[in-house]
1. Name every residue in segment 1-60 that is of a type in the set (Ser, Thr, Tyr), farther than 19 Å from residue 173 by Cβ and open to solvent by less than 50 Å² (accessible area, probe 1.4 Å), in order of residue number.
2. Only residues in segment 16-37 that are more than 18 Å from residue 59 (Cβ to Cβ) count as the first member; pair them with residues that are open to solvent by less than 50 Å² (accessible area, probe 1.4 Å) and assigned to a loop (DSSP other than H, G, I, E, B), Cβ under 6 angstrom, at least 6 apart or cross-chain, and list the lot.
3. Filter segment 131-152 down to the residues that are farther than 29 Å from residue 96 by Cβ and open to solvent by 60 Å² or more (accessible area, probe 1.4 Å) and list them by number.
4. Go through (1) open to solvent by less than 80 Å² (accessible area, probe 1.4 Å); (2) closer than 30 Å to residue 18 by Cα; (3) at pLDDT below 75 one by one and return the number of the condition residue 74 breaks.
5. Among the residues of segment 161-176, is there at least one that is modelled with pLDDT of 90 or more, β-branched (Val, Ile, Thr) and open to solvent by less than 40 Å² (accessible area, probe 1.4 Å)?
6. If I go through segment 112-126 residue by residue, how many of them are under 29 Å from residue 147 (Cα atoms) and either touching a helix residue (DSSP H, G or I) at 6+ places or on another chain (Cβ under 6 Å) or in a strand (DSSP E or B) (or both)?
7. Please tell me if residue 60 is of a type outside the set (A, V, I, L, M) and in contact (Cβ under 8 Å) with a residue 40 or more places away in the chain.
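The values are calculated or read from the model by the stated rules, or taken from the named source; none is laboratory data. Quick caveat: nothing in here was measured; it's all calculated off a predicted structure. Cβ placement follows ideal geometry from the backbone for every residue including glycine, while neighbour counts extend to all protein chains displayed. Each accessible area value is taken on the protein alone, full model and side chains, heavy atoms only, with ligands, DNA and RNA left out. Shrake-Rupley method; radii C 1.70, N 1.55, O 1.52, S 1.80 Å.
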Amino acid sequence: MSGGDKYVYQSGFGNHFASEALPGALPVGQNSPQVCPYGLYAEQLSGTAFTVARHANQRTWFYRIHPSVVHRPFAPYNQDGHGIIGTFDARTTEPTPTQIRWLPFAIPEDQQVDFVDGLRTIGGAGDTALKNGLAVHIYAATTSMNQRAFSNSDGDLLIVPQQGRLDITTEFGPLMVAPNEIAVVQRGIRFSVALPD
């Protein structure tokens, strides 16, 4: 836990945790009752293949105000000059044996740039369509993501802030991530990034 963190976290891997925003919101004795408390909708997010034995399943039960399928259609983010690359082949990159280095990227202090608009690809290998490979991005943000969310359908995101904390809100809950700490947002999870500092 970093200094100035307003959140309380549950620790441990491979354990079962439960948390609720309102007392009595979690159903007792079952995961998916016909009628959930407070009129919530039960949804399961599975983290393992359907062939895995029941005792080895990794899953999360969400109890939502609205089902996750009730949303506007997702659309690719195609802002002019956006710097994210997901396929690394002869069409998008040029391999070189030359040692490459660069100066630090400028922080856009004279404009409002959020986490998504501030992403730039600096390297990678593979193809997102094949779900094989990796990409390395850098970001520079000066404002929070207001009324926006992002979901990476290509793979998990490992985020390491260098300057200033990130207040990341995911479907699983909030995370306060200080410089040189690590946050992982799994593929397909919607999230938003605020800048508390």
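1. Just the residues of segment 1-60 that are of a type in the set (Ser, Thr, Tyr), to begin with: 2, 7, 9, 11, 19, 32, 38, 41, 46, 48, 51, 60.
Still in the running and farther than 19 Å from residue 173 by Cβ: 32, 48, 51.
Correct list: 48 only.
2. Filtered contacts from segment 16-37: 37/24; 37/25.
3. Keep residues of segment 131-152 that are farther than 29 Å from residue 96 by Cβ, which gives 141-151.
146, 147, 148, 149 - these are the residues of segment 131-152 that are farther than 29 Å from residue 96 by Cβ and open to solvent by 60 Å² or more (accessible area, probe 1.4 Å).
4. (1)
5. yes
6. Here is the first cut: in segment 112-126, the ones under 29 Å from residue 147 (Cα atoms) are 112-122.
Checking the rest, the ones that are also either touching a helix residue (DSSP H, G or I) at 6+ places or on another chain (Cβ under 6 Å) or in a strand (DSSP E or B) (or both) come to 119-122.
Of the residues in segment 112-126, 4 are under 29 Å from residue 147 (Cα atoms) and either touching a helix residue (DSSP H, G or I) at 6+ places or on another chain (Cβ under 6 Å) or in a strand (DSSP E or B) (or both).
7. Values: of a type outside the set (A, V, I, L, M): yes; in contact (Cβ under 8 Å) with a residue 40 or more places away in the chain: yes.
Yes, satisfied.
Yes/no matrix, rows are residues, columns are (1) over 22 Å from the mean Cα position of the chain (by Cα); (2) open to solvent by less than 60 Å² (accessible area, probe 1.4 Å):
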residue: 89; (1), (2): yes, yes
residue: 104; (1), (2): yes, no
residue: 122; (1), (2): no, no
residue: 129; (1), (2): no, no
residue: 154; (1), (2): no, no
